[in-house]
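The values are calculated or read from the model by the stated rules, or taken from the named source; none is laboratory data. Remember, it's a predicted structure, so these values are computed and weren't measured experimentally. Every residue, glycine among them, receives a Cβ derived from its backbone with ideal geometry; neighbour counts consider all protein chains shown.
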Amino acid sequence: MPDRIRIDTYHKEPHIHFGLKGIHLPIRFKELEIVGLIIILHLNKYKKIDKKRLKERLI
């Protein structure tokens with residue numbers, strides 16, 4: 001993912017990392033395929049990662 005954004009399920013439910021400090025925010029979706037689709041649609045619409053809008057959609 002661009003802009004140091006990472007989505008994973010390591011030791012927890014799906015969550016998103018913004019930056020490299022290890023801070024994670026839980027995602028309301030449990031299937032990573034759905035999260036991936038949301039990110040693809042977000043990129044198609046905005047042509048870049050808008051962190052604020054992406055957080056609103058996923059959290």
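Here are the numbers for this structure:
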| item | result |
| --- | --- |
| Residue match in the stretch 1-15 (condition: within 9 Å of the chain's Cα centre (by Cα), surrounded by 12 or more Cβ atoms within 10 Å (Cβ to Cβ), in a strand (DSSP E or B) and modelled with pLDDT of 90 or more) | yes |
| Search result, residues across the stretch 29-59 that are assigned to a loop (DSSP other than H, G, I, E, B), touching a Pro at 6+ places or on another chain (Cβ under 9 Å) and surrounded by 11 or more Cβ atoms within 10 Å (Cβ to Cβ) | PHE29, ILE49, ILE59 |
| All positions within the stretch 1-38 that are among the aliphatic types (A, V, I, L, M) and in contact with a Lys or Arg (Cβ under 9 Å, 6 or more places away or on another chain) | ILE5, ILE16, LEU20, LEU25, ILE38 |
| Unmet criterion (only one of (1) at pLDDT 90 or above; (2) of a type outside the set (Gly, Ala, Ser); (3) loosely packed, with under 11 Cβ neighbours inside 10 Å) for LEU20 | (1) |
